[in-house]
Amino acid sequence: MLRDERATKLKSKRTFARTACNALLANLEIGSNTLSVIAPEQEDGIHRQSGLGVLLRNNLAVSILIFACLEIWRPYFFLTDDNLTGAYPVFMEMGNHLLSGRSPFVSDYLFGGHYNTLRDLSFFCWHPVYILASLLAKTPFHFAILDVDAFVMMLLATAGFVNLAHYLRREVLLKVTDGWMMFYCVSFSYSMMAVTTGASWYSFLGNQSALPWLALGILQKTWRRGIGLVTLFSIHEILGGHPVSTVSSTLFLTLFAVGVGICRRSLQPLVAWVMGSIAALVILSPLLFPVFEGFLASTRSQGVEVWDMQSNRIPLGLFPTSLFFGMALWIIHPPAHPHVTYLLAIGSCAAAWCLVPAFTGRTPWRGLEIVVLVLMCFGVFMVCRPPWMAHIMAHLPVLKSMRWPFRELLQFQFFFHLFLLLRPPGSTLIFRRRLAIFSTSIFVFPMLLNMLPPTLNAMPWSRELLFSGEFDRYWDHVRLLLKPTDRVAVLIPTKLYLDDDFERPNDLLSSNNFSILAKVLSASGYSSTVPRDQLYLKTKPFFPNGTYEVSQRAALLEERPDLKFITLESLMPLKITLSSKDGPTIDLTPYIPVHPSKSRTLRKTAGSAS
């Protein structure tokens, strides 16, 4: 009887265990179905999700490798265009002043000398990375100052995107493998927008590197981490980013914070964003007050013309070409000028064609995906800005001073890659891999076939003159013809300034900010935000690089009779002269170095000099 009772109890226990197991399996099946609805994705490879440390190590290693390839492709890759003519001389002077125990906020050679750069928004470059890199000024590695800055910003952008992707994979249960995460990360960090504009305007990389970190701060569920990240990287963007791009990023991220708050039905994302931004402004207020006051005293604060605001926008009909084909179409129909190629292709990236499977997926749309998609569309709208939008902006504070709408491609590219990360794709895994290879090929190979590596102005002659030392030898001769107190104004005929068949010899004219490297006092400089009370000459430069039209000579002499003039007389043959009000005109052409180069533009210009 006792044995029967034990058998009955054992049977009941087995029945209970069987029932519990069936219930557990049913719950697991329900949970699995729920997860497949939240973040559906092919199951293969999901076990290959690594921790954050491994992800950072692998992605940073690939980023360093790509950066090294860029440097091999064009040594000192980021030393072109405005980086060369504007930023490099300023950083050289800043580094020399710091190493000599002097203030880095004063320029000895721009705008008549003793120019307070702290009040000029165009010279607002007080990021710790920039300051530390400027200390290379008195070393053999001074040409690498801009590339060191770009290297740090590229790595910071990579680390930010990896941290954001890892956070979303954990919190939103994304079934995305390490390989796809790396592909999206590299595509974002080295998009055409980042590479081309980074080589022309280094500060754009400051904005790009801040975007993923700021988005990560907005997405945080704890106040401390959210506000902390937003504060830290708002400081980073303000100090290291381009002012116009910082305004654009603020607009986009504010909308992002509002969208995330609506999805969560919480004010925390928006409040964390606002509080972190305010905290950053308060911390930086000792630096921001002078530059803000100086900007209000500049002509730029009054706004720009609508035509200028619309310059270099991508027409809506050409935007798909820019995004999906980039420079590929120019293989069949090459443009008249090589830099036009990069301007149209500037919206492309390696992951562009991955948008196709992202839209073919049949899974339900989540709130965060919709928010990011809306911001992508808003980015397209701003890049292809219709005229009526420009007329509205022309009447709004701050926005009326913003030029060239392709700058919003920075924000578009970020939300584009964030959308690819979030949206579960359709189609098969094999098809998506082949599409990714095709997308990368159509991005990379047409660029390799172009005659110049990416930039909006390669300036091969100016680079070669600097690298070869011919620049210093030329100015060693010319400086002997000037007194230490002589101020120089540069004159260029309009026809020669607009002639794109030749590279203008800016470094031989001491135009832009090259007067710093030439150690010549310039009556002007390269800035659109000069406070009017700091101008040495009230006559406005005719050209944006701080040079004057020949017809302005009389007005300049009436204002400053002791001015000296360096005039670009002709490009073929190349002729530069030095003159004053009463003294004889001196031909500087014999001092111009003639140096052979593989560059077609340089051959034509140097051949003209000979």
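Just a few scattered comments:
- Against the test of being closer than 28 Å to Ala358 by Cα, crowded, with 24+ Cβ neighbours inside 10 Å and either more than 10 Å from the chain's Cα centre (by Cα) or at pLDDT below 95 (or both), the options Thr177, Thr197 yield a single qualifying residue, Thr197.
- The residues of region 332-366 that are polar (S, T, N, Q) and either in contact with a strand residue (DSSP E or B) (Cβ under 8 Å, 6 or more places away or on another chain) or outside any helix (DSSP H, G or I) (or both), listed by number, are Ser348, Thr363.
- Qualifying residue in region 229-245 (condition: assigned to a loop (DSSP other than H, G, I, E, B) and among the polar types (S, T, N, Q)): no
- Number of residues in region 493-508 that are open to solvent by 20 Å² or more (accessible area, probe 1.4 Å) and either part of a helix (DSSP H, G or I) or under 14 Å from Trp475 (Cβ atoms) (or both): the value is 4.
- The condition (being free of Cβ contacts under 8 Å to residues at least 24 places away in the same chain and either open to solvent by 40 Å² or more (accessible area, probe 1.4 Å) or out of contact with any Cys (no Cβ under 8 Å at 6 or more places or on another chain) (or both)) is satisfied by just one residue among Leu132, Leu55, Leu79: Leu132.
- Out of Trp388, Trp404, one residue alone is among the hydrophobic types (A, V, I, L, M, F, W, C) and at positive phi. It is Trp404.
- Consider region 89-129 and keep the residues that are assigned to a helix (DSSP H, G or I), aliphatic (A, V, I, L, M) and free of Cβ contacts under 8 Å to residues at least 60 places away in the same chain. The one that is nearest to Leu537 (Cα to Cα) is Met94.
- If you go through region 375-399 and keep only what is surrounded by fewer than 15 Cβ atoms within 10 Å (Cβ to Cβ), in a helix (DSSP H, G or I) and not aromatic (Phe, Trp, Tyr), you end up with Cys377, Pro387, His391, Ile392.
- Residues (out of contact with any helix residue (DSSP H, G or I) (no Cβ under 7 Å at 6 or more places or on another chain), of a type in the set (Lys, Arg) and in a strand (DSSP E or B)) located in region 529-586: Lys564
- Residue within region 284-301 that is open to solvent by 30 Å² or more (accessible area, probe 1.4 Å), without any contact (Cβ under 8 Å) to a residue 12 or more places away in the chain and over 30 Å from Ile227 (Cβ atoms) present: no
- If you check Leu480, Leu465, Leu449 for being farther than 22 Å from Pro541 by Cβ and in contact with a His (Cβ under 8 Å, 6 or more places away or on another chain), only one passes: Leu465.
- Of all residues in region 57-85, those satisfying the criterion of being aliphatic (A, V, I, L, M) and closer than 16 Å to Phe151 by Cβ are Leu60, Ala61, Val62, Ile64, Leu65, Ile66, Ala68, Leu70, Ile72, Leu79.
- Matching residues in region 470-492 - criterion: being open to solvent by less than 60 Å² (accessible area, probe 1.4 Å), farther than 12 Å from Ile566 by Cα and among the hydrophobic types (A, V, I, L, M, F, W, C): Phe471, Trp475
- Close pairs (9 angstrom Cβ cut-off, 6 or more residues apart or separate chains): acidic (Asp, Glu) in region 528-556, open to solvent by 30 Å² or more (accessible area, probe 1.4 Å) and assigned to a loop (DSSP other than H, G, I, E, B) anywhere: Glu549/Pro493; Glu549/Pro541; Glu549/Phe542
- Hey, Gly217 more than 11 Å from the chain's Cα centre (by Cα), open to solvent by 40 Å² or more (accessible area, probe 1.4 Å) and touching a residue at least 40 places away in the same chain (Cβ under 8 Å) or not: no
- Flag if Glu71 is among the acidic types (Asp, Glu) and open to solvent by less than 20 Å² (accessible area, probe 1.4 Å): no
- Criterion: touching a residue at least 60 places away in the same chain (Cβ under 8 Å) and either open to solvent by 10 Å² or more (accessible area, probe 1.4 Å) or of a type in the set (Val, Ile, Thr) (or both) - qualifying residue of Phe204, Phe188, Phe161, Phe151: Phe151
The values are calculated or read from the model by the stated rules, or taken from the named source; none is laboratory data. Being a predicted model, the structure only gives us computed values, none of them experimental. Ideal geometry is used to build each Cβ from the backbone, glycine not excepted, and the neighbour counts take in all protein chains shown. For the accessible areas, the whole protein counts, side chains as well, though only heavy atoms, and no ligand, DNA or RNA atoms are used. Shrake-Rupley method; radii C 1.70, N 1.55, O 1.52, S 1.80 Å.
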